[in-house]
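Quick note: the coordinates plus some simple rules give every number you see, no bench work behind them. Source: prediction; values computed, not measured. Reconstructed Cβ throughout: ideal geometry from the backbone, glycine too, with neighbour counts over all protein chains shown.
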Amino acid sequence: MARVLIVDDDESFSAALGRLVRGSGHDCELAADGQDGLAKYAQGDYDLVIADLKMPRMSGVEFIRDLKRVDRDAVAIVITGYADLATAVDAMALGASDYLEKPVAVEKFRESLERGLEQRQAAAQLYFTKGAVWMAVLGTSLWLLLGIVFLALRRWHPGS
């Protein structure tokens with residue numbers, strides 16, 4: 001089960017998306033705007049963020065930009081009722097994984113949700129693999145270094 005944060009000032013739309021997320025077997029929390037969303041993201045452990053582009057106090061593009069500053073690996077889907085190619089390009093350039101227009105078709109939303117969650121899981125697996133490789137490299141290097149030191153010590157102190 002994944003944790004999803006929905007950031008949208010439209011309470012009824014957020015609630016509807018929340019029902020879809022929960023119906024897909026995931027947990028979700030709602031945030032009323034970008035500032036509330038950033039605060040909740042900083043306190044929680046979310047696998048995916050869904051954000052509206054038109055919100056008071058902070059636009060969706062500003063929210064995505066600040067979210068990526070907090071967590072460069074955050075996976076975000078942007079949704080808007082005001083289709084605008086320039087805004088879509090801006091959101092995608094900042095790292096949004098998908099861009100959906102309101103009204104959102106249920107099946108298209110679920111596909112986007114699952115793709116975003118798969119992207120998050122792939123990133124986590126990549127970090128784990130990188131960590132394991134570094135651990136193996138450093139571990140091997142450390143043992144080689146200790147072996148060299150041990151041999152050097154035996155040469156300087158042959159009776160030991």
Filtering chymotrypsin sites (Phe, Trp or Tyr not before Pro) in segment 1-103 by DSSP loop and by at most 13 other Cβ atoms within 10 Å leaves Tyr82
Relative exposure of Ile79, Ile50, judged by other C-beta atoms within 10 Å (fewest first): Ile79, Ile50
What length, rounded to one decimal in nm, is gained on full extension from Ala15 through to Arg110, with 0.36 nm per residue of separation minus their alpha-carbon distance? 32.7 nm
Roughly what would the spin-label model give for Tyr82 and Glu62, points 7 Å off Cα along C-beta, in nm? 1.3 nm
State whether segment 3-126 is rounded, prolate or oblate according to the following rule on the C-alpha gyration tensor (a ≥ b ≥ c being the square roots of its eigenvalues): a/c under 1.5 gives rounded; otherwise a/b larger than b/c gives prolate, and the remaining case gives oblate. rounded
